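Remarks on the structure that follows.
The values are calculated or read from the model by the stated rules, or taken from the named source; none is laboratory data. Fair warning: this is a prediction, and the values are worked out from it, not measured in the lab. Here the Cβ positions follow ideal geometry from the backbone for every residue, glycine too, while neighbour counts run over all protein chains shown. The area values use the complete protein model at the heavy-atom level, side chains included, leaving out ligands, DNA and RNA. Shrake-Rupley method; radii C 1.70, N 1.55, O 1.52, S 1.80 Å.
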Amino acid sequence: MEQKIGIVLSGGGARGIAHLGVLKALEEIGIKPSIISGTSAGAIAGAFYAGGYAIDDIKKIIEQADFFNLTSILLNKQGLFAMKGFEKLYKTHFPNNQFSDLQIPLVIAATNISKGELVYFSSGNLAQPLMASCCIPFMFQPLYLNGSYFVDGGVLNNFPVEPLVGKCDVIIGSHVNSIKPEVGEINMKDIIDRSFHLAMNTTVKSKINTCDVFIEPTNMSQFGLFDVKRSNEIFEYGYAYAQSLKEKILTKVFKK
């Protein structure tokens, strides 16, 4: 019987483009997930992949997306931007807007900031959970959904492996937020980025052993959260790192 392979895709802003490189490397050695769990950028990559889009096409879609359109700027609100760019993107590429239309089952993690709890979405409306999962605090206005406000799933779980545990024969984790163990002078943007990911990475470490294969390209902090302009570098970096683990992956997946 064919193995059920689950893959979990972390958040990470523009670094999430590295997930596409990882998925490409996995495809080339004959591995395609049976179920995907993702948060924030990982949810975006997972949704398009689950929707049947080719990896190169997903990369182009993300590169051409207008997440920070000037018409989305907000004044005296809970965030700098509205989610208009995301909404347009999802409605364009997922016209039926339903989880049930996806070719691969997908789980999306988002944070209910009103109740202080994590919520997993896997059925019904697709665009709203995707927007909720990508709603970076302070950067984007929280999404109002089902009577509560939602923000980025990474706030409470930036590596949502839990929905896959006990339901898959093999779990592959792709985490794109590795940071340098030590740095010299850093600016304000770096301080915010580094502080955010130091806090999140502590919880991720406790989950590594739940994965049969854990893919974490080194020093991903060289890429900024919003460095979409470096998409080619990020993609190739993730692809090359996953390729370097080919033998280990094959052993873990096909000899398990």
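Look at the stretch 79-98: where a residue is on the phi > 0 side of the Ramachandran plot and open to solvent by less than 70 Å² (accessible area, probe 1.4 Å) and a partner is part of a helix (DSSP H, G or I) and at pLDDT 85 or above, sitting 6+ places away or on another chain with Cβ atoms under 8 Å, you get N97/Y90; N97/K91; N97/A127. Selection within the stretch 1-16: residues that are open to solvent by 10 Å² or more (accessible area, probe 1.4 Å) and outside any strand (DSSP E or B). The member of this set that is nearest to A65 (Cα to Cα) is G13.
Taking the stretch 209-229 as the region of interest, how many residues are touching a residue at least 60 places away in the same chain (Cβ under 8 Å) and assigned to a loop (DSSP other than H, G, I, E, B)? Please lay out each step first, then the result.
Keep residues of the stretch 209-229 that are touching a residue at least 60 places away in the same chain (Cβ under 8 Å), which gives 211, 215, 217, 220, 223-228.
Subsequent filtering for residues that are assigned to a loop (DSSP other than H, G, I, E, B) retains 211, 217, 223-227.
The number of residues fulfilling the criteria is 7.
For (1) in contact with a Leu (Cβ under 6 Å, 6 or more places away or on another chain); (2) open to solvent by 60 Å² or more (accessible area, probe 1.4 Å), each residue gets a yes or a no:
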residue	(1), (2)
K115	no, yes
S133	no, no
M139	yes, no
L145	no, no
F150	yes, no
V161	no, no
L164	no, no
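Residue pairs whose Cβ atoms lie under 7 Å apart, separated by 6 or more positions or on different chains, with the first residue in the stretch 23-35 and open to solvent by less than 40 Å² (accessible area, probe 1.4 Å) and the second among the charged types (D, E, K, R) and not in a loop (DSSP other than H, G, I, E, B), are I29/K246. Based on this model, can you work out whether L75 counts as assigned to a strand (DSSP E or B), at pLDDT below 95 and open to solvent by 30 Å² or more (accessible area, probe 1.4 Å)? Criteria not met by L75.
Residues of the stretch 166-180 that are buried (at least 22 other Cβ atoms within 10 Å of the Cβ) and outside any strand (DSSP E or B): H175, V176, N177.
Evaluate the stretch 142-153: report whether one residue or more is touching a Gly at 6+ places or on another chain (Cβ under 6 Å), at pLDDT 85 or above and in a loop (DSSP other than H, G, I, E, B).
Looking only at the stretch 142-153, we keep the residues that are touching a Gly at 6+ places or on another chain (Cβ under 6 Å), and these are none.
Looking for residues that are touching a Gly at 6+ places or on another chain (Cβ under 6 Å), at pLDDT 85 or above and in a loop (DSSP other than H, G, I, E, B), one finds none in the stretch 142-153, hence no.
Every residue, every condition in (1) at pLDDT 95 or above; (2) within 16 Å of G154 (Cα to Cα); (3) among the polar types (S, T, N, Q), yes or no:
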{"site": "S37", "(1), (2), (3)": "yes, yes, yes"}
{"site": "Y49", "(1), (2), (3)": "yes, no, no"}
{"site": "N69", "(1), (2), (3)": "no, no, yes"}
{"site": "L102", "(1), (2), (3)": "yes, no, no"}
{"site": "I108", "(1), (2), (3)": "yes, yes, no"}
